[in-house]
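Every number in this text was worked out from the coordinates using simple rules, so none of it is lab data. This structure is a prediction, so every number in the text was calculated from the model and none was measured. Cβ atoms come from the backbone with ideal geometry, glycine included; neighbour counts cover every protein chain shown.
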Amino acid sequence: MALTNEQLEQYTAELKAFIADHKDIDGPLMPIMQKAQELFGYLSLDTQKIIADALDIPVSEVYGVATFYAQFSLQPKGDNIISVCTGTACYVKGAQAVLDEVVNILGVEPGQTSADGKFTIQDTRCLGCCGLAPVMTVNHDVYGRLTAGDVKGILEKY
Amino acid sequence: MNMVTLTIDGIQVTVPSNYTILEAAREAHITIPTLCYLKDINQIGACRICLVEVAGARGLMASCVTQVGEGMEVKTNTEKLRKARKLNLELLLSDHNRECTSCVRSENCEFQKLCREYGVEDYPYDGAKAPAELDDFSPSIIRDNSKCIKCRRCVAVCTNVQKIGAIGAIGRGFKSKIACAFDKSLADSPCVNCGQCITACPVGALREKSSIDEVWMAINDPDKYVVVQPAPAVRASIGEEFGMPMGTPTTGKLAAALKRLGFDKVFDTDFGADMTIMEEGTELIARLNDKDAVLPMITSCSPGWVKYCETFFPDFIPNLSSCKSPHEMLGAAVKSYFAEKNNIDPAKIFVVSVMPCTAKKFEAKRPELSNNGLADVDCVLTVRELARMIKQAGINYAELPDEDFDDLLGESTGAGVIFGATGGVMEAALRTVYEKVTGKTLEKVDFEAVRGTEGIKEAEIDLDGKKIRVAVAHGTGNAKKLLESVRSGEKSYEFIEVMGCPGGCVTGGGQPIVSSSDLMVKDVKALRAKALYTEDANKPLRKSHENVQLQKLYAEYLGEPGGHKAHELLHTHYEQRPMFK
């Protein structure tokens, strides 16, 4: 979801206060990045610059950590999060074709957000309901025993 | 200091207890191969080439990060180790772009050398290749990740020594790579183009953007009048490219080689350095005499430093001397004074600078460094590129006779020569400023306090009663430390010299590459600087204002130093730059 200017200012102030409290602890970078991700939902270049400046380290170092851990996101999340399970059971049952269709319709790769900001495709392994394979979820809604043909109708609901 | 005794390959050696096994082995004259190790800069045990066997240890140890211990028994040369090292080389090679014949680092590639030594004759692990990218948007530096072995020597020098961190280790696993934040090009990053990453790289993943073809084309163009000028530090190092010992000055051979390459005129950037002193010295005196002037004044010869200041310390832009750097000054004089005197259309003149520097390639493209729409300098070659051209031309450099630079803009004093070493610009300026301020002859021209390779040097200079405080920093990391102390008010100076590269131009990013094994035993900064100081000591004239051809240039053309004409041709301005574009 796009942030309003007021939210941006508020979160930036919160982040700066958090940094001030944490910059002198051992290994301050990870907790500060986690806080930033929690506040903004992702780590923009501007956010990473704020962190780098405050800790007097290069932005490339912050970016290096942000790209090392899958939990950090470099892009704003869409309004709806799509997870197509590519765990073993779903994969065997044809999850790749389902995922390909999602990618095809939205025009972005897993990990990215559609141009209209509506959907983010999340990298996903097992969702824990292999009996329904292949499975995808949109937010907390679960759709099972899918074929590629089902995808369009599901996305239209959101 | 605590000493410990250990045994390496049966040889007993006693070393300080904080030594690594690698350092201890060197004391015992035992060579352990390394790849990611770079003395004082990168010691991370990543490449697993410097493996050794330590009695009682579990597994093989990386000697570059393993500290010595009392009674330790180390083996560096066993079948097990040779196999392990070879295996690691084969694994590294599996994801390496093996275009060795067309690679600029062929024959001085540390990886290639190790593969040959360890008898790597096949590619047993040839498989998928990590996505490779070529970043050639920077005017100075090309990054070719297809050849990168991820040793991180470049990242270490950029982040820990230069304190810039334009590049870092990005991503994870097979997709991990060395890149700029947000995968931007170096051209859009805070990179200052110093090229220290190039001289740190063991392979061909980093190189200068070559201008050799452009220079050959200009030489071959009958309509172009091609003028060349080598920087002070070039003469101190280029002999190394032709097998001469480090620290051999080859000024006469350099002039001879440039003439044989077909340049129409061979001038000397040392002359430009003497010009810089006339202008910068005058500017300093004016600032000292004006109670409202911004002090300390900081030198502006080093384009890596200037971009660093513009990007990281924009509040110090008013402190930067307005002087163009020496080769830009000389270029401006070539396209005005020389052109008029010889009745040559300046538009047909093509000025080539041979520099120990990759940032000069960026500098030459600054639009403000021009006159009447003509760039002061058209093209910049590094020392490495010039050496390649000399080899292409079949010139036997080491056997060349000594020849002189061409008249008019070819004379130089000892002050111009020492510009290539850290502290040299400061010392050259002080020699002239002293005489201008006091009206007396400076008897002892050597200012030892500003010489040497210490990171930050300070001195108080007595100008016949008037005392000025000066400081010298080399490498942007030291500059950062120095400027922070000035900004906080902890330190106060009238005059500061900064060179962007550690050691100054003699160890600039465009200089001949020294292998990590040579760096372990040779003090490159001091050896090359010695060549310049020796040449200075042997010069009949050692103060810039004594340069006869330069006096003529001012009398006939420029007028007074710092005067109207001089300002138009020899001075410039700066701008704040964003970290990322």
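Key figures
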read-out	value
Enumerated strands (runs of 3 or more DSSP E) restricted to region B:126-193, each holding at least 2 residues that are within 13 Å of chain A (Cβ to nearest Cβ) and in contact (Cβ under 8 Å) with a residue 12 or more places away in the chain	B:167-170, B:177-180
Qualifying residue in region B:56-78 (condition: part of a loop (DSSP other than H, G, I, E, B), surrounded by 19 or more Cβ atoms within 10 Å (Cβ to Cβ), touching a Leu at 6+ places or on another chain (Cβ under 6 Å) and not aliphatic (A, V, I, L, M))	yes
Condition check for A:D21: surrounded by fewer than 15 Cβ atoms within 10 Å (Cβ to Cβ) and either of a type in the set (V, I, T) or more than 14 Å from chain B (Cβ to nearest Cβ) (or both)	yes
Whichever residue in region A:98-109 is touching a residue at least 12 places away in the same chain (Cβ under 8 Å) and assigned to a loop (DSSP other than H, G, I, E, B) and, among such residues, is nearest to the other protein chains (Cβ to nearest Cβ)	A:E109
Residues located in region A:110-151, provided they are over 22 Å from A:T88 (Cβ atoms), in a loop (DSSP other than H, G, I, E, B) and not hydroxyl-bearing (S, T, Y)	A:Q112, A:A115, A:D116, A:G117, A:K118, A:N139, A:H140
Which numbered condition B:V433 misses (of (1) crowded, with 17+ Cβ neighbours inside 10 Å; (2) out of contact with any Gly (no Cβ under 9 Å at 6 or more places or on another chain))	(2)
Given (1) touching an Asp or Glu at 6+ places or on another chain (Cβ under 9 Å); (2) within 14 Å of chain A (Cβ to nearest Cβ); (3) part of a helix (DSSP H, G or I), number of the condition B:V215 does not satisfy	(2)
Selection within region A:47-75 - of a type in the set (A, V, I, L, M, F, W, C), part of a helix (DSSP H, G or I) and either more than 8 Å from chain B (Cβ to nearest Cβ) or in contact (Cβ under 8 Å) with a residue 40 or more places away in the chain (or both)	A:I50, A:I51, A:A52, A:A54, A:L55, A:V65, A:A66
Qualifying residue in region B:109-125 (condition: within 14 Å of another protein chain (Cβ to nearest Cβ), within 23 Å of B:T507 (Cβ to Cβ) and either surrounded by 21 or more Cβ atoms within 10 Å (Cβ to Cβ) or not hydroxyl-bearing (S, T, Y) (or both))	no
Only one of A:A89, A:A95 that is away from chain B (no Cβ under 14 Å), touching a residue at least 12 places away in the same chain (Cβ under 8 Å) and buried (at least 22 other Cβ atoms within 10 Å of the Cβ)	A:A95
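So that you can scan it fast, the table gives a plain yes or no per residue for (1) of a type in the set (V, I, T); (2) in contact (Cβ under 8 Å) with a residue 24 or more places away in the chain; (3) within 21 Å of B:E328 (Cβ to Cβ); (4) touching a Ser or Thr at 6+ places or on another chain (Cβ under 8 Å):
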{"residue": "B:K466", "(1), (2), (3), (4)": "no, yes, no, no"}
{"residue": "B:S516", "(1), (2), (3), (4)": "no, yes, no, yes"}
{"residue": "B:L527", "(1), (2), (3), (4)": "no, yes, no, no"}
{"residue": "B:Y533", "(1), (2), (3), (4)": "no, yes, no, no"}
{"residue": "B:D536", "(1), (2), (3), (4)": "no, yes, no, no"}
{"residue": "B:H573", "(1), (2), (3), (4)": "no, yes, yes, yes"}
{"residue": "B:F580", "(1), (2), (3), (4)": "no, yes, no, yes"}
